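The values are calculated or read from the model by the stated rules, or taken from the named source; none is laboratory data. Computed from a prediction, not measured in an experiment: that's the story for all the values here. Here the Cβ positions follow ideal geometry from the backbone for every residue, glycine too, while neighbour counts run over all protein chains shown. For accessibility, only protein heavy atoms count, side chains too; no ligands or nucleic acids. Shrake-Rupley method; radii C 1.70, N 1.55, O 1.52, S 1.80 Å.
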Amino acid sequence: MNNLLVFAFLFFIGSCLGWCMELLFRRFISVNNPERKWINPGFLVGPYLPLYGFGLWGMFVVSCVTMTFETDNIWVNAVIVFVIMAAVMTIIEYIAGLIFVKGMKVKLWDYSHEKLNIQGVICPKFSAIWGLLGTAYYFSVNTHVISWVVWLSQHLAFSFFIGMFFGIFIIDLSYSLQLSNKIRRFASENELVIRYEELKDFIRQQREEMEQKKRFLLAFHTDEPFREHLESFLERSVEHQKQKLEEAEEAIKKVKEEVISRIAGEEDDRQE
């Protein structure tokens, strides 16, 4: 029972802190939010991201195991922790990404523009970031987490709040999965994978255009039928792809003209 509470506590802390990190990243750092608006990250309604909950599980377990392999050289320890943390967190991210891409036809994040990415789900850049976060956690946060866990084991009354969190989380998860199923069916009908953040941003823009109430938590709630938004989103995506194709064709045409002009100029020089 104690171990169950410990992992429930870690999931709670990781999910909530991860949500806060993503919220600040999207607001102040992300290039995909040039307007610097507050965006609710993730696919759930509430302020938590399960991926970070599982990630904290992984970090905690890795920290407990790595402690047995510590050497007298702190830099060697740091490299070992970095590699193991990066590997474990990348595996968690890859599994989570595939579950949504293959099972739900949804991409919660997209690394397709990053170098050496795998299926747009993982890439070396973010694996390195995970490794750095894991190393920072190990050397600065892990001792505090262990003390929190010890405190939890001595104050089981706190389990009431953990239970309340999971009660709300399960209700939220049920609601969000129903919404995801609607998206999955639409995506399967049209043989595509929907980028979750693009769809969320599209619906936000639609609400602003129709002067509907702004919503931070219920990002997909609108006064119009949800399927109409999906169909409009598909139409816009098709138009966007057509535009990109036309731009690519125009660029190719210009290159051909430049090559032909250059060849013609070289031939004229030879004749002279």
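At least 3 residues that are surrounded by 14 or more Cβ atoms within 10 Å (Cβ to Cβ), at pLDDT 90 or above and under 20 Å from the mean Cα position of the chain (by Cα) in each: list the helices (runs of 4 or more DSSP H) lying fully within the range 123-223 that qualify.
124-136, 159-189
Among the numbered criteria (1) over 19 Å from Lys125 (Cα atoms); (2) within 13 Å of the chain's Cα centre (by Cα); (3) open to solvent by 80 Å² or more (accessible area, probe 1.4 Å), which one does Phe25 miss?
(1)
Would you confirm, using the coordinates I've provided, whether Phe165 is aromatic (Phe, Trp, Tyr), within 30 Å of Phe220 (Cα to Cα) and out of contact with any His (no Cβ under 9 Å at 6 or more places or on another chain)?
So Phe165 passes the test.
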